[in-house]
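Report on the structure given below.
Any read-out appearing in this document is the output of simple, stated calculations on the displayed coordinates, not a laboratory observation. Source: prediction; values computed, not measured. Heads up, the Cβs are rebuilt from the backbone with ideal geometry, glycines too, and the neighbour counts pull from every protein chain shown.
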């Protein structure tokens, strides 16, 4: 997400810009934060797309591509869906026009149904192919596909991806304060954006897919880091003291909440240098790399077993490297 606007029930014209209607005015307002003059590419769906919007943005050197409704293409006529289907799936038609010294191209492509696109930079060429399922042949077939369709699908897919990811692990809360919902929504958006960047960086570094955290694991790791970073786990509880009152009882309670089989914590916790103490527990495999010992010592904060002797200190290495 690059920018946003909260809908308040009425969309007003943007000061200093022509009034192009509610849907186009939304775009003109949001692109105020987009640098002009360097030919950024902008994609939107058919609720926003119109010829006046395309030409207005082109004059700002912002090029556009979007699906478009037929009633927003005055003077442009395509063949009927019935006639195009007779030619076969993948058939397309292209029209171009010069409007206010801006070249605009409109393309109609037949898939299972017709798709209409409008752009100030993309066109049919270079043509390619895409996979589609043929019900009659009961198999996958290749059909002709204009470049403008592939271009649109490549980048607009990010909008659908964001919506899909947000719906998976959304923060659910009930509140009479409207701004609470906005706050939690943008927290969700921030986490999803961070995960997408994390996944992209992992792929650029050649990290295998099996070692890349899924969104749920990423979100849990983030929550754990925020809860534990710079904090002691041996805190003093408010209210009446526990009948046990001992460190051992407190650690036993934390052990139930944080099982010893838990994954290794993130670097933010592991190397924060705050309240990491060795505790004597049931033996377990040392989590320090290249150590195969089975020590009794376990870090009270990280909840991992670490080997400690006078000759080798995995506990120190694990928390400093």
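Below is a table of values for the structure above.
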{"item": "Using alpha-carbon coordinates, inclination of helix 178-204 to the longest axis of the chain, degrees", "result": "90 degrees"}
{"item": "Residue-span extension gain [residue 99 to residue 200] - 0.36 nm each, minus C-alpha spacing", "result": "32.4 nm"}
{"item": "Label selected from [x] 17.0; [y] 19.7; [z] 26.6, the criterion being mean projected area of the Cα convex hull in nm² as computed here", "result": "[z]"}
{"item": "Cα centroid separation, the stretch 113-153 to the stretch 1-51 (Å)", "result": "28 Å"}
{"item": "Computed lengthening from residue 311 to residue 125, 0.36 nm per intervening residue step minus Cα-Cα distance", "result": "60.1 nm"}
{"item": "Extension gain from residue 179 to residue 209, taking 0.36 nm per residue of separation minus the Cα-Cα distance", "result": "7.1 nm"}
{"item": "For a label point 7 Å along the Cα-to-beta-carbon line of residue 8, residues of the stretch 167-192 with backbone N under 17 Å", "result": "178-180, 182-183"}
{"item": "Cα long-axis angle, helix 247-257 against the chain (0 to 90 degrees, to the nearest 10)", "result": "30 degrees"}
{"item": "Distance between modelled label sites at residue 22 and residue 217, nm, 7 Å Cα→Cβ extension", "result": "4.5 nm"}
